[in-house]
Amino acid sequence: MENNILSIEDLYVSYGGIRAVKGISLKVPQGKIVTLIGANGAGKSTILRTIAGLVKAESGKIIYQDKDIIGSSTSVIVDQGITLVPEGRRVFPDLTVLENLKIGGYLRKDSLDEDIEWVYQLFPILKDRSWQLAGTLSGGEQQMLAVGRALMSRPKLIMMDEPSLGLAPLIVRGIMDIIKTINKEGVTILLVEQNANLALKIAHYGYVCETGSITLEGTGVELLNDESVKAAYLGKKR
Amino acid sequence: MSLTTFLQHSLTGISLGGSYALIAIGYTMVYGILRLINFAHGDIFMMAGYFMIFAMASLPWAISIPLVIILTVILGVSIERIAYKPLRTAPRMSIMISAIGVSYLLQNLATYLFTALPRAYPEIPFLKKIFRIGDLSASLVTLITPILTIILVFCLLFLINKTKSGMAMRAVSKDFETAQLMGIKLNNTISYTFLIGSFLAAVGSILYFTDRMSVTPFSGTLPGLKCFVAAVLGGIGSIPGAVVGGFLIGICETFLVAFGYSTFSDAFTFILLIVILLFRPTGLFGEKIIDKV
Ligand SMILES: Nc1ncnc2c1ncn2[C@@H]1O[C@H](COP(=O)(O)OP(=O)(O)OP(=O)(O)O)[C@@H](O)[C@H]1O
Ligand SMILES: [Mg+2]
């Protein structure tokens, strides 16, 4: 029996009459890393934003832990254990690093100290920057903060929208390692990436999305060796 | 002008400025969170005046004051829920027009219900007590206004900078979507902002009208505009800015009147607005106005 923390069935999403997502179905097994790759404008962010409740779905089902969460407010969805690390990091620039972490745990009533310590262990640089305004951090540090902030709500499922965007290769590798570490702690991950090569390497399973539809799926290794994926997304790199 | 008259006018100006500051904060906070100039804010302040007249008609002041504050808060929050909330995703201009509509609605409603004739504002005995320092004399309200203003501003700054709901307000004012991703309920945070703004407007109204004696349906218009200018002068979105702006305008207005330019004193406020917009659109304490994504 498969155990999916999240499964999407036949999801349609439109922006003012223009379909961005056209009947997508995908499954995210509990405890795994699943990646969603695809070109610009394919609809990847739209899918994540719909799961998070920021965008209204037209039709379809989003089953999270055996319940359809379509139509729930973002705050309810976050409370149930899903968080989104948004595209472009979106840290709160005039809150301090520590405040950004605290606001990540906004819905929690218990003490946040342990989790803050945990995030500081994952990203020691954030500890040194604790009192600095998040707007003054470098791009890589902001991405770490965005991930750390998402962890503060103790999510069961983290969705990450292009965490590698605009970062140096070394930093990107660091972020990918952290994603693996977080996953080993038991958090399920749905990773959207343009950097297909890196994403497929760490993912257990992957989906390829093109203009609003899933065109291909398979394990990370299968997709890495797929000729069409190689041609379209891995370029000359291999 | 003798030293005593100078001090006397300063005191009056500071006091008027205190009421202005309390109202200006409402403009600046709502702008900060919704990028909306809440044109109805001055009329909420006017309605608070009428609430006080009716409350004091049958109740002692100690009950009337909290009652007026509660009614004003309900009015302010309801306006947001009814007239602004449905336009959350509409273009900014629509919600501005809605605000102008609410402003006229309140003025006309007040005219219809209470007629356009000035109604005497009730006296709160202890606020009217005269005190003397040397040759200076003033009613207690003149002294209490700036002190109360400063105390309320400190409480407000504490609330915004040190509490969880304050953190949520700061987050929402920067980025609606990401704030929601933290689990923050937008509508609650926005209501909370209107609650605070209306609360301060109610307090400002009591202090202001106690010194003015009467209320008409249009009593909110000019003070409302002046307080809006105060908020722009200080840098709209900035609370300390609104406070400094409120005091500056209150003091300038009082001195212009004192020097015999009372006909010019209202025009002065608007000349000031034009000058700020031309030379320093971000105001004294304002940050760069960045449009929200
Ligand atoms: N707020 C919006 N209003 C209207 N159209 C939108 C909106 N957001 C996205 N779209 C459109 O929906 C389609 C999918 O966009 P989406 O952002 O989901 O793509 P993406 O796969 O995340 O692309 P990228 O890799 O560039 O981030 C695009 O055609 C885009 O123009
Ligand atoms: Mg995207």
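Some values worked out for this structure:
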{"quantity": "Selected residue (only one of A:Lys32, A:Lys67 is in contact with a His (Cβ under 6 Å, 6 or more places away or on another chain) and more than 10 Å from ligand 1 (Cβ to nearest atom))", "calculated": "A:Lys32"}
{"quantity": "Residue check for A:Leu95: more than 16 Å from ligand 2 (Cβ to nearest atom), more than 9 Å from every other protein chain (Cβ to nearest Cβ) and either within 18 Å of B:Thr178 (Cβ to Cβ) or not acidic (Asp, Glu) (or both)", "calculated": "no"}
{"quantity": "Residue within the range B:201-213 that is within 14 Å of chain A (Cβ to nearest Cβ), under 19 Å from the mean Cα position of the chain (by Cα) and buried (at least 16 other Cβ atoms within 10 Å of the Cβ) present", "calculated": "no"}
{"quantity": "Filter pass, A:Thr46 being more than 16 Å from ligand 2 (Cβ to nearest atom), under 18 Å from A:Val13 (Cα atoms) and not aliphatic (A, V, I, L, M)", "calculated": "no"}
{"quantity": "The range B:169-183, subset within 15 Å of A:Arg90 (Cα to Cα) and aliphatic (A, V, I, L, M), residue nearest to the chain's Cα centre (by Cα)", "calculated": "B:Val172"}
{"quantity": "Leading residue by the ranking (farthest from the other protein chains (Cβ to nearest Cβ)) among those in the range A:104-138 that are within 21 Å of the chain's Cα centre (by Cα), in a loop (DSSP other than H, G, I, E, B) and among the aromatic types (Phe, Trp, Tyr)", "calculated": "A:Phe123"}
{"quantity": "Filter result for A:Ser14 (hydroxyl-bearing (Ser, Thr, Tyr), more than 29 Å from A:Lys230 (Cα to Cα) and within 15 Å of ligand 1 (Cβ to nearest atom))", "calculated": "yes"}
{"quantity": "In the range B:151-163, the residues that are assigned to a helix (DSSP H, G or I) and without any contact (Cβ under 8 Å) to a residue 40 or more places away in the chain", "calculated": "B:Ile151, B:Phe154, B:Cys155, B:Phe158, B:Leu159, B:Asn161, B:Lys162"}
{"quantity": "Residues located in the range A:57-79, provided they are without any contact (Cβ under 8 Å) to a residue 24 or more places away in the chain and outside any strand (DSSP E or B)", "calculated": "A:Asp66, A:Ile69, A:Ile70, A:Gly71, A:Ser72, A:Ser73, A:Thr74, A:Val76"}
{"quantity": "Residues within the range A:5-37 that are more than 23 Å from A:Thr181 (Cβ to Cβ) and at pLDDT 90 or above, tallied", "calculated": "19"}
{"quantity": "A:Leu101 being more than 29 Å from A:Gln194 (Cα to Cα) and within 13 Å of chain B (Cβ to nearest Cβ)", "calculated": "no"}
{"quantity": "Any chance A:Pro163 is within 16 Å of ligand 2 (Cβ to nearest atom) and over 23 Å from A:Gln65 (Cβ atoms)", "calculated": "yes"}
{"quantity": "Identity of the residue in the range B:171-187, among the aliphatic types (A, V, I, L, M) and more than 7 Å from chain A (Cβ to nearest Cβ), that ends up surrounded by the fewest Cβ atoms within 10 Å (Cβ to Cβ)", "calculated": "B:Leu186"}
{"quantity": "Residue list for the range A:146-158, filter: more than 12 Å from chain B (Cβ to nearest Cβ) and either among the acidic types (Asp, Glu) or in contact with a helix residue (DSSP H, G or I) (Cβ under 9 Å, 6 or more places away or on another chain) (or both)", "calculated": "A:Val147, A:Gly148, A:Leu151, A:Leu157"}
{"quantity": "Residue satisfying all of: in the range A:21-43; within 13 Å of ligand 2 (Cβ to nearest atom) and not in a strand (DSSP E or B); surrounded by the most Cβ atoms within 10 Å (Cβ to Cβ) among these", "calculated": "A:Gly38"}
{"quantity": "Matching residues, the range A:60-92, being more than 11 Å from chain B (Cβ to nearest Cβ) and of a type in the set (Ser, Thr, Tyr)", "calculated": "A:Tyr64, A:Ser72"}
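Okay, residues lined up against (1) under 14 Å from the mean Cα position of the chain (by Cα); (2) among the hydrophobic types (A, V, I, L, M, F, W, C):
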residue	(1), (2)
A:Lys180	yes, no
A:His204	no, no
A:Cys209	no, yes
A:Gly220	no, no
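For every residue, the table says whether it meets (1) within 19 Å of B:Glu177 (Cβ to Cβ); (2) modelled with pLDDT under 95.
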| site | (1), (2) |
| --- | --- |
| A:Asp68 | no, yes |
| A:Thr74 | yes, no |
| A:Val78 | yes, no |
| A:Glu87 | yes, yes |
| A:Arg108 | no, yes |
| A:Pro124 | no, yes |
| A:Ser130 | no, yes |
| A:Gly139 | no, yes |
| A:Ala150 | yes, no |
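The values are calculated or read from the model by the stated rules, or taken from the named source; none is laboratory data. Being a predicted model, the structure only gives us computed values, none of them experimental. Cβ atoms come from the backbone with ideal geometry, glycine included; neighbour counts cover every protein chain shown.
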